[in-house]
Amino acid sequence: MDDPIGKESKTGGRRASEPASKPHYLGHRARLRRRLLEQGPGTLLDHELLEMLLFAANPRGDTKPLAKQLLGRFGSLERALSATPAELAKVKGLGEAGAAVLTVVPEAARRLAREQAQDRPVVASWQKLLDYCRVTLAHERVECFHVLFLDRKNKLIADERQQRGTVDHTPVYPREVVKRALELNASAIILVHNHPSGDPTPSQADIAMTQAVVEAAAKLEIRVHDHVVIGREGHASFKSLGLL
């Protein structure tokens, strides 16, 4: 006769009424969450941060192997989070949900940095402005030229991308920059662009273009506070370098 339900079989198998054992990674997830909330995100390693992000896309699976795979493929947390959707689509096991989670992180960081930069006049929160510029431009694959438009109190009115160029050149038209400043009733501007090579050292073309914008803006009493070049290795300020 068959064993009654709930009794252990003759082969020593699990009782039918006995619950299946929980996957080993569930305890790991709980410990990560607890550490994050009690000790702060700074205590998490790079792969653990990726694991936490991927929890949202895969609430029941083990995300640790995938997190380590992402770091191995892209080389760093920075590059994994700045990868394009097309690049992420090539990662086996990530899927659309995982790619969407990783893609939205840089945009969230940009918006947070932007709001922090807008809180106070630029002159009083220069570091926040630099943080915003780095988050926005440091990982671009081609040169992008932005203009930050400021009001009379030096508060940020708008940040607009004027041009998107190639890996080593962006065409800039001083008249268009000044025209837009007038449309926004801006009293001052800050020029910002990136060097995809990583080295923020201004080129001779950067210097000549900046001088042309300064001269065009001065005719309409619009001040150019600075031109900041962003690279993965840091930033360069024309004003600090004595070029402005």
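Just so you know, all these numbers are worked out from the coordinates, no wet-lab data involved. As the structure is a prediction and not an experimental result, all values here were calculated from the model. With ideal geometry, Cβ positions are generated from the backbone for all residues, glycine too; neighbour counts draw on all protein chains shown.
The table that follows gives values for the structure above.
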| read-out | value |
| --- | --- |
| Cβ charges +1 (Lys, Arg) and -1 (Asp, Glu), total dipole of the range 25-110, debye | 260 debye |
| Linear extension gain, Lys239 paired with Leu44, 0.36 nm per residue minus alpha-carbon span | 66.4 nm |
| Cβ charges +1 (Lys, Arg) and -1 (Asp, Glu), total dipole of the range 78-148, debye | 80 debye |
| Directionally averaged shadow of the range 67-151, computed from the convex hull of its alpha-carbon atoms, nm² | 6.5 nm² |
| Residues with amide H under 5 Å from that of Ser187, placed H, sequence gap 5 or more | Leu150, Asp151, Arg152 |
| Rounded, prolate or oblate (a/c below 1.5 giving rounded, otherwise prolate when a/b exceeds b/c) for the range 193-244 by Cα gyration tensor | prolate |
| Karplus (6.51, -1.76, 1.60) ³J(HN,Hα), θ = phi - 60°, over the range 28-36, in Hz, Gly and Pro reported as x | 4, 4, 4, 5, 4, 4, 5, 5, 4 |
| Within the range 107-238: Cβ-based charge dipole about Cα centre, in debye rounded to nearest 20 (Lys, Arg +1; Asp, Glu -1) | 380 debye |
| Amide hydrogen neighbours beyond the local backbone of Lys155, cut-off 5 Å, H modeled | Val122 |
| Computed label-point distance, nm, for sites Ala205 and Leu182 using a 7 Å Cα→Cβ extension | 2.8 nm |
| Rounded to whole Hz, the Karplus (6.51, -1.76, 1.60) HN-Hα couplings of the range 143-149, x for glycine and proline | 5, 10, 10, 10, 10, 9, 9 |
| Shape of the range 25-110, Cα gyration tensor, a/c cut at 1.5 | prolate |
| Full-stretch length increase - Ala56, Lys90 - with 0.36 nm per residue and alpha-carbon distance subtracted | 10.3 nm |
| Nonlocal amide H pairs with Asn194, under 5 Å, H built at 1.01 Å | Cys144, Ile230 |
